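What follows is a single structure, written as structure tokens, with notes after it.
Rule-based calculations on the coordinates, nothing more; no lab input. Just so it is clear, the model here is predicted, and its values are computed rather than measured. Cβ placement follows ideal geometry from the backbone for every residue including glycine, while neighbour counts extend to all protein chains displayed.
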Amino acid sequence: MLSEFVINTNGAGLYEFTGSVSEWVNQIAGDGLLTLFVPHTSCSLLIQENADADVQMDLRAYFDRLVPSADHPEMSYLCHTYEGPDDMPAHIKAAMLPVSLSVPVSNGQLALGTWQGIFLFEHRNAPHNRKVAAHFA
């Protein structure tokens, strides 16, 4: 079964969409494997802690420090800068992080841990409408 989720972002950060995915999988009410895929080159997918928002802030801060904006002196070697100083760093972050996830499903329930959630990690500063393809088999 195929579906698609649209996540509207307001700029860089982590956007949880576990609830939407859980509702969709629950309607199927079976056992299998859920695969999620984001067909964009400047965002990622993560399974991460969803209990403390500080985790998401710290992850964003870490990756911003690891891969600074293209206008930072450390990034002067970049060639692809015409789409803005956040674009090439977003591509680098997306190359480092997953763009697909697999989650087991048991009796229509995501087999996530107690504090785990599914997040889209937006790496661009401007708002975007991101699509995430979902396949359950």
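Data overview
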item	result
Contact order normalised by residue count of the chain, Cα under 8 Å, 6+ apart, percent	54
For the chain, projected area of the alpha-carbon convex hull averaged over all directions, nm²	8.1
With 5 Å bins from 0: P(r) over the range 41-83, alpha-carbon pairs, percent	5, 17, 21, 22, 15, 11, 7, 2
Potential extension, E83-L66 segment - 0.36 nm per residue separation minus Cα distance	4.1 nm
Using alpha-carbon coordinates, inclination of helix 18-28 to the longest axis of the chain, degrees	30
Degrees between helix 87-96 axis and first principal axis of the chain (Cα, 0 to 90, nearest 10)	50
Span from the the range 72-89 Cα centroid across to the the range 18-34 one, whole angstrom	39
Computed FRET value (nearest 0.05) for A51 with N10, which takes r as the C-beta separation and R₀ as 30 Å	0.85
Residues of the range 90-125 with amide N under 14 Å of the 7 Å Cα→Cβ point at T35	99-104
